[in-house]
Amino acid sequence: MSKKETQPCCEKFKTMIGGQALIEGIMMRGPEKDAIVVRTADGLEVETTPRKKRKKGSFATWPFIRGAVNFFDSQVVGVKALMRSADLTPEEGMEEEESSKFDQWLEKKLGNEKFQKAIIGFSVFLGLAMSIGLFFVLPMIASSLLDGVIHSTVLLNLVEGIVRILIFVGYMLLVSRMKEMRRVFAYHGAEHKTIRCYEAGLPLTVENVRKQTRLHPRCGTSFLLIVMVISILVFSVASSALLALIPALNAMRGQFLYRLIMILFKLLLLPLVVSVTYEINRLVGRHDNAFTRALSAPGMWFQNFTTNEPDDSMIEVGIASLQAVLPEEEGTDRW
């Protein structure tokens, strides 16, 4: 890929606006509101909702706390948006199915709004549990089988991190080959291209957006990849500190109880890993220099597999979604 395709062209500012690809659509999150834009049989469906602003100085805005809070919030909002896009784009040739007796019973007992919240809550929990299990617990278990052979805590965590990254990369490569996901990844590319065009200060037209790179340093996929890398450092330092504070644990190496303690300890550190990564992402978002470009380079490369070139109809969705969340006061969305 050429240098022109992988680096921003004439970037004039950096915006905090970000998005997520949906089923035949895009969600954009601005400083004041969120927007869901989906292409339906009748054209573009645009829905906006105001964002709840956190008070300055509140606990949720503290550095190394806000990362975990914002990550969980984005998961909830993302699941809601995906469910909404699925509602707006029913499968062709499929008539609306009558609710099952079980669904009707749940709606009657919980009420429609409570029913939706319960489904969303369960979806977020299930998604996080599966992600933690696949990308964290499984590598922890795999590396723990070597704790009787590898006595260096740093080396053991490095092996665990490499296994984690390989599983994550392999998973995303397999997903990218699925026919249904190719269009989602194309909408992902449209989202990035639209934001690039906006940051370049160009009019938001299909022609201008089409010329932009589909890679962006503040991508959520890049964020997850950096989480994998940061976990190696955090787990190594914290595990070494724990063993120094509790020397008796060293005598338990190779035992089931030792492995269980270390796995649970690392799981408790996950919010810290996410928070540290979030602060790094903010640094990359605010600055453009050799250091930040080096930090974002692995994630940028990985986006070659998680984004596809969009067609013009997808770019139109990207433009509509970004225009829907632009702040009333120009410049208030800038880092």
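The values are calculated or read from the model by the stated rules, or taken from the named source; none is laboratory data. Owing to the predicted nature of the structure, the values given are computational and were not obtained by experimental measurement. Reconstructed Cβ throughout: ideal geometry from the backbone, glycine too, with neighbour counts over all protein chains shown. The accessibility values were calculated without ligands, DNA or RNA, using every heavy atom of the protein model including side chains. Shrake-Rupley method; radii C 1.70, N 1.55, O 1.52, S 1.80 Å.
Computed from the alpha carbon positions, the gyration tensor of the chain leads to an equivalent ellipsoid with semi-axes of 36, 26, 20 Å, biggest first.
Per residue, how much accessible area does the chain show when a 1.4 Å probe rolls over the protein heavy atoms, in square angstrom?
Accessible surface, normalised per residue, equals 56 Å².
Distance from the alpha carbon centroid of the range 290-304 to that of the range 121-164 works out to 24 angstrom. With Cβ to Cβ distances under 11 Å as the rule, what net charge do the other residues near Thr40 carry (K, R +1; D, E -1)? Value of the local net charge: -3. With θ taken as phi - 60° and the Karplus curve 6.51 cos²θ - 1.76 cosθ + 1.60 applied, the whole-hertz 3J(HN,Hα) list for the range 203-217 is x, 7, 10, 4, 4, 5, 5, 4, 6, 7, 6, 8, 9, 9, x Hz, x standing for glycine and proline. For Trp301, the accessible surface of its heavy atoms amounts to roughly 140 Å² (probe 1.4 Å, protein chains only, rounded to the nearest 10).
Helix 256-286 and the longest principal axis of the C-alpha atoms of the chain enclose an angle of approximately 40°.
Rounded to the nearest 0.05, what FRET efficiency is calculated for Asp73 and Glu47 with R0 set to 22 Å and r the Cβ-Cβ distance?
0.75
Averaging the sequence gap over all C-alpha pairs within less than 8 Å and six or more residues apart, then dividing by the number of residues, gives the range 157-239 a relative contact order of 40 percent. Where in the range 57-88 does the amide nitrogen come within less than 18 Å of the point 7 Å from the Cα of Ile119, taken along Cα to Cβ? Under 18 Å, as judged by backbone N against the label point of Ile119, lie 76-88 of the range 57-88.
Residues considered: Phe265, Phe302, Phe59. Largest GNM mean-square fluctuation over the chain, using C-alpha springs under 10 Å, is found at Phe59.
When nucleic acids and ligands are ignored and a 1.4 Å probe is applied, His287 ends up with an accessible area of around 90 Å². Seen from a random direction on average, the alpha-carbon convex hull of the range 123-265 projects onto 11.3 square nanometres.
Taking amide H as placed 1.01 Å from N in the peptide plane, the amide H of Lys33 sits under 5 Å from that of Arg51, each at least 5 places away or on another chain.
The figure for Phe71 is an accessible area of roughly 50 square angstrom, using a 1.4 Å probe on the protein chains alone.
Remark: accessible surface ordering of Met83, Met16 (largest first) is Met16, Met83, probe radius 1.4 Å. Simple rule: put +1 on each Lys or Arg Cβ and -1 on each Asp or Glu Cβ in the range 116-196, find the dipole, and look at Val159, Leu138, Val169; the Cα lying farthest toward the positive end is Val169. Calculated [222 nm] ellipticity per residue, helices only, for the chain: -20500 deg cm²/dmol; basis is -39500 (n - 2.57) per DSSP H run with n ≥ 4, divided by all residues, nearest 500.
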